[in-house]
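What follows is calculated from the coordinates using simple rules that are stated; it is not laboratory data. Predicted model only: the values in this text are computed from it and were never measured. Neighbour counts run over all protein chains shown; Cβ positions are idealised from the backbone, glycine included.
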Amino acid sequence: MGCRFEGGLWYVGVPTGLDGGIDGLIKEDKLGLDAIYIQAKRWDNGKSVGREKIQAFQGALAGVGARKGVFMTTSALLSKPVYTLSA
């Protein structure tokens with residue numbers, strides 16, 4: 001786990017392993033009261049992110065009381081996750 005301060009924001013990683021669906025967070029203010037939680041999936045091009053992964057991330061966000069989250073992937077999103085995110 002590491003952190004760094006850049007551009008007025010704190011970037012904080014979480015330990016690998018059982019992270020509860022959160023891979024990192026960006027603290028938007030000096031007190032760390034407002035944060036953006038990050039989930040990252042590094043998959044080969046042949047595997048796409050399904051709705052269940054997006055919903056699991058939404059559950060992880062709710063579990064920590066988050067208001068903002070970013071889901072990133074090296075693969076593609078299927079159409080149902082895109083609909084889930086925009087609804």
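Some notes on this structure:
- Count of the range 40-60 residues which are touching a Lys or Arg at 6+ places or on another chain (Cβ under 8 Å) and crowded, with 17+ Cβ neighbours inside 10 Å: 2
- Residue selected from the range 24-74 under the condition of a type in the set (S, T, N, Q) and more than 27 Å from residue 5 (Cβ to Cβ), by the criterion nearest to the chain's Cα centre (by Cα): 58
- Scanning the range 36-67 for residues that are of a type in the set (Phe, Trp, Tyr) and not in a strand (DSSP E or B) turns up 43, 57.
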